[in-house]
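What follows is a set of notes on a single structure, which appears directly below.
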Amino acid sequence: ILLCTGARPRYLQVPGEAEYMGKGVSYCATCDGFFYRGKDVLVVGGGDSAVEEALFRTKFASRVRILHRRDELRASKILQNRAFKNEKVEILWNTVVTEIIGNDEGQVIGADTQDTVTGEAGHLETDGVFVFIGHLPNNELFDGKLEMDEDGHLITDRFTRTNIPGVFAGGEIMDKVFKQVATSVGQGCSAAIQTEKFLADLEEHGYPGLEDPRTFIQANRVLA
C-alpha cells in the first residue's frame, strides 16, 4: 500500500478568502510569486514558513508586510534577523485579517484588519494576500492505525516505510519540511520503488511469520 494523501493549507476562514482564492489569495509564494512582480503583498503568519515565504516574496514584490497576531514571531532567530534587516519587509504586530476585499474585476485590492490588543479595525490596500498559518495533513483514514508525529504527519524511515510492513508513504502526508510538488513527486517515486522491492522480496523469500503472501494482505486490511 502506497499512501500519498497529501496535506491542505490551514485557511483564515474570513469573508472573501474563498471568493478570491487564486485571484489574489495564495498559499504558495514559490508557485505564485512571479505574478506579483513590483506589487504590494501581505503575508499572514509568524512561523518559519511565513517568514521564509515573505523573504522569498521580496525577490519580486515592491513591499511585503507580515501580519502576525502576536507581538513576537515564532520563526527562528536567524529568519527573524533576516526579515528585520530586509528593507522591503514590514511587520505589523497584533494584527489579524477579518475580511479580504476585491474589486469588480474579481481581483484582491485590500484587506480589513483588527488589532488583537485594542480591537481597533483597520484597512490595508494590497495586491495579494499570502496565507502561511500551517498545513493539515490529510490523515483521517490513518488515525489510530499508523504512527504519526505531533503535527499529524505519518512517520516514515528514510526508505519511506511506515510502522506497518508493506505500507509506504510519500509527499506531504509525511513531509513537513519542503512541501513542494517536486519533492513530493520524488518521495512518491522512492515509495513506489520500495513497494516494488518489498513485493519482489516477499514473493522470493516470503515475509517472516507469514507462509502465504495472502496472509500478509489479510493482516493489512486494518487500513480498509
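Numbers for the structure displayed
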| read-out | value |
| --- | --- |
| Signed unit charges on C-beta, dipole axis of the chain, positive-most listed residue 182, 46, 60 | 60 |
| With at most 15 neighbouring Cβ atoms within 10 Å, loop GluC sites (Glu not before Pro) (DSSP) excluded, longest segment of the chain | 151-210 |
| Accessible solvent surface per residue of the chain, calculated while the other protein chains remain in place, 1.4 angstrom probe, Å² | 57 Å² |
| For the chain, the longest site-free run once chymotrypsin sites (Phe, Trp or Tyr not before Pro) in DSSP loop states with at most 13 other Cβ atoms within 10 Å are removed | 1-158 |
| Cross-link pairs beyond the 23 Å C-alpha cut-off, checked among 39/77; 176/197; 39/176; 77/176 | 39/77; 176/197; 39/176 |
| Sulfur and carbon atoms: percent of accessible area, the range 14-69 [1.4 Å] | 53 percent |
| The range 40-159 - share of DSSP beta bridges that are antiparallel (%, nearest 5) | 50 percent |
| At least 18 Å along the helix axis (C-alpha) and Kyte average at least 1.6, DSSP helices within the chain | none |
| Share of carbon and sulfur in the accessible heavy-atom surface of the range 94-210 [1.4 Å probe, %] | 53 percent |
| Share of alpha-carbon pairs per 5 Å distance bin for the range 118-206, given as whole % | 3, 12, 18, 18, 14, 9, 7, 6, 5, 4, 2, 1, 1, 1 |
| Only Lys, Arg (+1) and Asp, Glu (-1) charged, at Cβ; the chain dipole about Cα centre in debye | 580 debye |
| Cross-link reach list, aspartates and glutamates versus residue 85, counting only Cα pairs under 15 Å and skipping chain neighbours closer than eight places | 52 |
| Leading residue at positive end of dipole, the chain (Cβ point charges), from 165, 199, 109 | 109 |
| Size of electric dipole in the range 133-198: Cβ of Lys, Arg +1 and of Asp, Glu -1, about Cα centre, debye, nearest 20 | 280 debye |
| Identified option (computed Cα extents along the principal axes in Å; candidates (1) 64, 50, 37; (2) 51, 37, 35; (3) 68, 35, 31) | (3) |
| FRET efficiency estimate (nearest 0.05) - Cβ-Cβ, residue 203 to residue 18, R0 45 angstrom | 0.40 |
| MRE, 222 nm, helices only [DSSP H, n ≥ 4, -39500 (n - 2.57), over the chain, to nearest 500] | -7500 deg cm²/dmol |
| For the range 55-148, alpha-carbon Rg over 2.2 N^0.38 Å | 1.36 |
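The values are calculated or read from the model by the stated rules, or taken from the named source; none is laboratory data. In this text the structure is predicted, and so the values were computed from the model without any measurement. In this analysis, Cβ positions are derived from the backbone assuming ideal geometry, glycine residues included, and neighbour counts consider all displayed protein chains. Note: areas computed on protein heavy atoms with side chains; ligands, DNA, RNA excluded. Shrake-Rupley method; radii C 1.70, N 1.55, O 1.52, S 1.80 Å.
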